[in-house]
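What follows is a single structure, written as structure tokens, with notes after it.
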Amino acid sequence: MQTQDHWDTVYKTKDAQAVSWYQEHAEESLQLIRATAVPLTGNLIDVGGGASTLVDDLLQHGYANLTVLDISPEALEVARQRLQESGPRVTWIAGDVTRVDLPTQHYDLWHDRAVFHFLTDEADRRAYVAQVLRSVKPGGHVIVATFAEDGPTQCSGLPVVRYSPTELHAQFGGGFELVHHDRESHITPFGKNIHMLGNR
């Protein structure tokens, strides 16, 4: 897993709306979350949420128990400042998803738009899956998006692992049922088209 310093530097030196993964509204993620029919009172965690606007949209849609986890305190502070009065309604966790202490069988839904593909080391991927198994309730939902097979080989100057739907599902093992997969073309703030893959 990459260090906190890398991502803190990104958010110290760039406007949150200028990074390549910025979305004004994370429509695809929101649709996938709502399709699970997890109740508004369910416990949701956005892994790698950082400065993402997904938490804003989830609050607006009435979700009441939200956690945002990111390795960068700087990224989380961007979101906290943006949300202001709504910010205290969110649990903010600064930490490495492969090592942070998360509550056991707590979350009804785990969402990750773009952390897993940064895990180029097999041991980190195993630790990530172990976190999901430990912290998501039995029967809960896991949404993970990565770069697709024809997506970029790097993001923010760091190498990534690209996946097909079956390859991504295989990383999680037989205890997970692949309910749905989709493909999103993300247009960066610079006009570049990036292919994302999402599994649920």
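Just so you know, all these numbers are worked out from the coordinates, no wet-lab data involved. Bear in mind the structure is a predicted one, so any value in this text is a computation, not a measurement. Because the Cβ atoms are built from the backbone with ideal geometry, glycine has one as well, and the counts that use them run over all protein chains shown.
Determine, for Ile71, Ile143, Ile93, the number of other Cβ atoms within 10 Å of each Cβ, and report the residues in order from fewest to most.
Numbers: Ile71 28, Ile143 23, Ile93 19.
Ascending number of Cβ neighbours within 10 Å: Ile93, Ile143, Ile71.
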Expected sort for Ser135, Ser52 with the fewest Cβ neighbours (10 Å cutoff) up front is Ser135, Ser52
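Between Arg126 and Thr41, what is the FRET efficiency for a Förster distance of 25 Å, r being their Cβ-Cβ separation, to the nearest 0.05? Display every interim value, and only then the final one.
Numbers: r = 32 Å, r/R0 = 1.28.
Approximately 0.20, to the nearest 0.05.
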Calculate the dipole size of region 17-147 relative to its Cα centre from +1 charges on Lys and Arg beta carbons and -1 charges on Asp and Glu beta carbons; express the result in debye to the nearest 20.
360
Say each of Arg183 and Ala170 gets a label point 7 Å from the Cα, pointing the same way as Cα to Cβ; how far apart are those two points in nm?
1.9
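What translational diffusion coefficient, to the nearest whole µm²/s, does region 61-108 have by Stokes-Einstein, given a Kirkwood radius computed over alpha-carbon pairs, a temperature of 20 °C and 1.002 mPa s viscosity? Write down the numbers at each step before the final one.
Values: Rh = 11.8 Å.
So the translational diffusion coefficient is about 182 µm²/s.
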Roughly how large, in nm² to one decimal, is the mean projection of the convex hull of the alpha-carbon atoms in region 23-91?
4.2
In nm, to one decimal, how far is the Arg34 label point from the Leu158 one, both placed 7 Å along Cα→Cβ?
3.1
